[in-house]
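Quick note: the coordinates plus some simple rules give every number you see, no bench work behind them. Please read these numbers as outputs of a predicted model, since none were measured by experiment. Positions of Cβ are generated from backbone atoms using ideal geometry, with glycine treated the same way; all protein chains shown enter the neighbour counts.
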Amino acid sequence: MKLAGRIAYRIVMFALTIAFVTALWELYKIVGPQDGGKFLGVRILPRANDNAMPHVSTMLSRYSRPEVRGSDKKIWIVVLSGAWFSLRLSLVGFFLGTTIGISLAVLMARFNVIRRGLLPYLVMSQTVPLIALAPLVVSWGGKLEIGSFVWPRWLSASILGTFLAFFPIAVGTLRGLTSAPSAALELMESYAASWKQTLFKLRFPAAVPFMVPALKLGASGAVVGVVVAEISTGLKGGIGRLIIEYAREATGDPAKVFTAVFGAAALGLTMSGLVAFSDLFLMRNRPKETST
Amino acid sequence: MKKQSLKMALVGVAVMSLIAGACGGSDTAATEETTATAETTAPAAECVTPTPVKLQLQWFTQAQFAGYYAAQDQGFYAEQCLDVTILEGAVDISPQTVLANGEADFAISWVSKALASREGGANIVNIAQVFQRSGTLQVSFKDKNITTPADFKGKNIGNWGYGNEFEIFAALTAAGLDPAKDVKLVQQQFDMAGLLAGDIDAAEAMTYNEYAQVLEAVNPKTKALYTAGDFNVVSYEAEGVGMLQDAIWADGKRLSDAAYVDTATKFVAASLQGWAFCRDNTSACRDIVVSKGSKLGASHQLWQMNEVNKLIWPAAGGAGMIDAAAWDRTVALSQSAKNLEGGTVLTKAPDAGAYTNDIVTAALALLNGKGVDTTGSAYMPETVALTEGGN
C-alpha cells in the first residue's frame, strides 16, 4: 500500500505542477509586456502576445481540429502516432545504448588498461555535435548491407539515440561497479570468489543506485537523439519531423507547433516514466531515500 | 515475494512488447520513399524492367517539386520506362553531396549553391534549368520604406544562410553597400514571426512559400489577414540580381556513359512533362502533392503551385533550357557579390562543363514529338486566395 500511496502522491504532484505552470503562463500573458522587454538592447523578457505565447486553451483546442483543412485527421491523432513512432525508435536506441553502456562499464571495471584508454574517448565522443553526425549515419540507410540485413533508415535515428544514451549509462554503471565497499570486496576475495561471481553478487547490486539515475539520463538522451535525428534528416513519421513541419506554419498558426512540442515532452516523460517504473522494482529492497 | 515476481514478469512483458513493436517500425518508415511502379499509365511495350532512378530534393514534399511528383503520379516516368524514387530533403541534407556521393542519380539544387559545391570538387552538371526566374523576395512592412536594396542601409536584414543568402549579398554589393558594415544581417527562422514581431525589418521570403505565410497571418490590429498592401516587396529578379534556382543536376562522372545520358534524357523529358501538366492542372497537382504527404495546408499549397508555375512559365526557349545570359549573370554575381567576410561564393568562373543543354534539347525534342507544349507561351497565372494559416 505504501507503493500505491507514493504513486498517487506523484500523480497529484504532477497535476499540480502542470496547473501551476499553466497559471504562470497565463499570468505572464496578462502582466508581461506585449512586445517583450529589452534591457540595454538585450531581450530579457519574452513577448506576451498571442503569436509568441498562444493561450493554453488555444493550444489545447488545436488538438481537436484537423491537421490541415479538408483533412479528416484530427491533429491529436497525428501527434500521437508521431510520438508513438518516435517512442519505438527511442526504445530501440535506449535498449542498444543500455547494452553497449553496461558492456563498456563492465569491461572498464574489469580491465584498468581499458578504462584508462577508453574513457577519454567516450568523453570526447560526446563533444561531437549530433547534427554533424546525423547526415552521416542516416546515409547508411538502404546502403549498408550486413549479410541479408539491409540497414533501414529509421535505425539510423535510433543509433543517434543510442549515441546519446550509452554515455551516461556507461559512466554511471562504471561508477556503480567500483562503488562496492572494499571490506565487501575483500570478503569476496577471502571466499575465493571468481571475478564473475563478485560482479554479479556484489558489484552489480552495489551499482543499482548509480545505474538508475544514469538510465533515466540515458532514456531522455535517447529521445533527444531520435528527435534531433528526425529533424536534421527529415525522417518521416516521427515527432521531430512534425515539429519542423509545424514550425514552418508558426507565422499563421502559432498554436500548431506547440501541439507537436507537447507531444515530444510527453514522449520524454513516458520514457523516463518507464525507467522510473523499473526503478520501483529494482530498488524494492533498499532504503527509500536513495530513490529519485 | 510472489506478488513481486508477478510484477517483475509484467514489467518484462511490457518492455519486450514495446521493443518488439519498435522493431516493426520499418514498414511505417518505408512509406517515406514512394515509387512509381504501380502507377496508372501502362509502360511502353518494350519496357521490360524499368530503370531505377533516385531523385534527391532540396526540401520536404511541397508544390516546389510538384512536377516530379506529377510525373510519378501521372505515369510519365513509367512511360519512359523509369522507376523513379523521390528522396525528400531535410535541414542537414545537401542534395549536391548526396548526388556527388552517388546516393542519388539526380538532384535538385540552386545554381549558385551547386556551383559552390562544384568548385569544392563535386563533379555535378546542370542538365535542365527548371526555374527560369528567381523567386526570392525581401519583404518589409510599408512603414519601413524599404523599396530598393539601397534602403537596406542600417536595417535588420533577415536571411536563412545555408547558401540561400547569396542574392542578398549581390543586391547589397550592387547598391554599393558593405554587408559587414552597412546592414545588420539577422539569422531568420523557418517562419516569418521575426518580421511580424519587428525583430527583422526586411525578411527573406520565397514568393511561393514565406511570402504566402505572412499573408496567411492575422494582423492583431485589424483582426483580419494581412494583405499585400501592408508590405513592400523587393524582388531580386526585378532588381537584376536574381540568380538561377531549382535546376536538375546530374553526376558528371557518369555523363560519359551512354546509358546514363539516355536515362537522364528520359528523366528530364518526363519531369518537364510533369511540370507542363502542373501548369495546366494546378489543383490536380496540389492534390498530388498533398497526397504525397505534404503537411502544408491546401490553399498554401495551391498558392505555391501557382507561384512556382510563374517561375517556370512561359519558357520562351523551351522549359528546362539553360539561358546563357541568365547563367552568366548568376556566375558573375557569384564571383562579385561580397559576403560578410568579404569573400565571394565562387572564386573563379566554372568550367564549360558545369552545364549542358544537350540533354534538355533531346528531351524537348522527345516531348514535342508527343505534342506536349514545352514553352507555355499562352500561360496565364491564376489568382489564389489564401486563408488563415494556409489551411
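Longer than 22 Å from Cα to Cα, which of B:Lys181/B:Lys348; B:Lys113/B:Lys181; B:Lys223/B:Lys295; B:Lys142/B:Lys184; A:Lys29/B:Lys223; A:Lys73/A:Lys256 are they? Say none if no pair is.
B:Lys181/B:Lys348; B:Lys113/B:Lys181; B:Lys223/B:Lys295
Fewest to most neighbouring Cβ within 10 Å: what's the order for B:Tyr379, B:Tyr208?
Listing B:Tyr379, B:Tyr208 from fewest to most nearby Cβ atoms yields B:Tyr379, B:Tyr208.
Any idea what angle helix A:2-31 forms with the longest principal axis of chain A, computed on alpha-carbon atoms, 0 to 90 degrees, nearest 10?
Approximately 40 degrees, to the nearest ten.
Tell me, what ³J(HN,Hα) does each residue in the stretch A:203-220 have, in order and in whole Hz, if you take phi through Karplus 6.51 cos²θ - 1.76 cosθ + 1.60 with θ = phi - 60° and put x for Gly and Pro?
5, 5, x, 5, 7, 3, x, 7, 6, 4, x, 5, 5, 5, 4, x, 5, 6
With θ taken as phi - 60° and the coefficients 6.51, -1.76 and 1.60, list the Karplus ³J(HN,Hα) couplings across the stretch A:273-281 in order, rounded to whole Hz; mark glycine and proline as x.
Result, rounded to whole Hz: x, 4, 5, 4, 5, 5, 5, 3, 7.
Average partner chain C-beta neighbours within 10 Å, per residue of A:250-260?
Across the residues of A:250-260, the mean count of other-chain Cβ atoms within 10 Å is 6.
Just flag the trypsin sites (Lys or Arg not before Pro) in the stretch A:96-174 sitting in loop per DSSP whose Cβ has no more than 12 other Cβ atoms within 10 Å.
The qualifying sites are A:Lys143.
Treat chain A as a sphere of radius equal to its Kirkwood radius over Cα pairs and apply Stokes-Einstein at 37 °C in a medium of 0.692 mPa s; give the translational diffusion coefficient in µm²/s, rounded to a whole number.
Rounded to a whole number, D works out at 150 µm²/s.
Largest first and in whole Å, what are the equivalent-ellipsoid semi-axes of the protein assembly as shown based on the Cα gyration tensor, each being the root of 5 times an eigenvalue?
49, 32, 25
For a quick check: with amide H placed at 1.01 Å from N, whose amide H comes under 5 Å from B:Gln132's, ignoring anything fewer than 5 positions away on the same chain?
Correct list: B:Ile312.
Just checking the output field for A:226-232: average partner chain Cβ neighbours within 10 Å of each residue's Cβ?
The shielding value for this peptide is 2.
With θ taken as phi - 60° and the coefficients 6.51, -1.76 and 1.60, list the Karplus ³J(HN,Hα) couplings across the stretch B:304-309 in order, rounded to whole Hz; mark glycine and proline as x.
4, 4, 5, 5, 5, 4
Count neighbours as other Cβ atoms within 10 Å of each site's Cβ, and list the trypsin sites (Lys or Arg not before Pro) in the stretch A:1-96 that are DSSP loop with at most 13 such neighbours.
Of the trypsin sites (Lys or Arg not before Pro), the ones in loops of the stretch A:1-96 whose Cβ has at most 13 other Cβ atoms within 10 Å are A:Lys73.
Please list, in chain and number order, the residues 5+ apart from B:Lys54 or on another chain whose amide H is under 5 Å from its amide H, with Hs placed from the backbone.
Counting only residues 5 or more places away or on other chains, the set is B:Thr85, B:Asp105, B:Phe106.
What is the extension gain from A:Leu80 to A:Gln126, computed as 0.36 nm multiplied by their sequence separation minus the C-alpha to C-alpha distance, in nm to one decimal?
Full extension of this stretch gives 13.5 nm more.
Can you give me the P(r) profile for chain B? Cα pairs, bins 10 angstrom wide beginning at 0, each as a whole percent.
5, 22, 30, 23, 12, 5, 3, 1, 0
Assigning unit charges at the beta carbon (Lys, Arg +1; Asp, Glu -1) and nothing else, what dipole magnitude in debye, to the nearest 20, does chain B show about its Cα centre?
920
Please report the equivalent ellipsoid semi-axes of the stretch A:77-151, computed as sqrt(5 x eigenvalue) of the Cα gyration tensor, largest first, in whole Å.
Result for the stretch A:77-151: semi-axes of 29, 17, 15 Å.
Let me know the mean shielding of B:212-221 by other chains, meaning the per-residue number of their Cβ atoms within 10 Å of its Cβ. If you can, show how the numbers build up before the last one.
On the way: counts 2, 6, 2, 2, 4, 7, 6, 0, 4, 0.
Averaged over the peptide's residues, the number is 3.
If Lys and Arg each add +1 and Asp and Glu each add -1, what is the summed charge of the other residues whose beta carbon sits under 14 Å from the beta carbon of A:Val56?
That sum, taken over residues with Cβ under 14 Å, equals 0.
Taking a cut-off of 14 Å between Cα atoms, list the aspartates and glutamates near A:Lys38, but don't count ones fewer than 8 places away on the same chain.
B:Asp199
Counting only residues 5 or more places away or on other chains, whose amide H sits under 5 Å from the amide H of B:Asn126 once H atoms are built in the peptide plane?
Residues meeting the amide H criterion: B:Ala250, B:Tyr355, B:Thr356.
What fraction of the DSSP beta bridges in the protein assembly as shown is antiparallel, stated in percent and rounded to the nearest 5?
Values: 27 of 41 bridges.
Expressed as a percentage, antiparallel bridges in the protein assembly as shown total about 65.
Whole angstrom only: what separates the Cα centroid of the stretch A:71-138 from the Cα centroid of the stretch B:64-122?
30
Where Lys and Arg each count +1 and Asp and Glu each count -1, what net charge lies around B:Pro95 among other residues with Cβ under 14 Å from its Cβ? Could you put the intermediate results ahead of the total?
Working: positive: B:Lys54, B:Lys113, B:Arg118; negative: B:Glu88, B:Asp92, B:Glu103, B:Asp105, B:Asp246, B:Asp251.
For residues surrounding B:Pro95, the net value is -3.
Quick one: if you stick a label point 7 Å off each Cα along the C-beta vector at B:Lys142 and A:Tyr28, how many nm between them?
3.4
With a ≥ b ≥ c the root eigenvalues of the C-alpha gyration tensor of the stretch A:5-93, is it rounded (a/c under 1.5), prolate (a/b larger than b/c) or oblate?
On the way: a/c = 1.91, a/b = 1.33, b/c = 1.44.
Judged from the Cα gyration tensor, the stretch A:5-93 comes out oblate (a/c at least 1.5, b/c at or above a/b).
In the stretch A:1-53, if every C-alpha pair distance is counted and binned at 5 Å from zero, what percent goes to each bin?
5, 18, 16, 14, 11, 9, 8, 7, 6, 4, 1, 0
Would you mind ranking B:Ser256, B:Ser235 so that the residue whose beta carbon has the fewest other beta carbons within 10 Å leads the list?
Details: B:Ser256 8, B:Ser235 16.
Result, fewest neighbours first: B:Ser256, B:Ser235.
To the nearest 20 Debye, how big is the dipole of the stretch A:54-290 about its Cα centre, given +1 on the beta carbon of each Lys and Arg and -1 on that of each Asp and Glu?
160
Tally Lys/Arg at +1 and Asp/Glu at -1 over every other residue whose Cβ is under 9 Å from the Cβ of B:Ile124; what's the total?
0
Have a look at the DSSP beta bridges in the stretch B:136-235 and tell me what percent are antiparallel, nearest 5. Spell out each step's value before the answer.
Numbers: 11 of 16 bridges.
Roughly 70 percent of the DSSP beta bridges within the stretch B:136-235 come out antiparallel.
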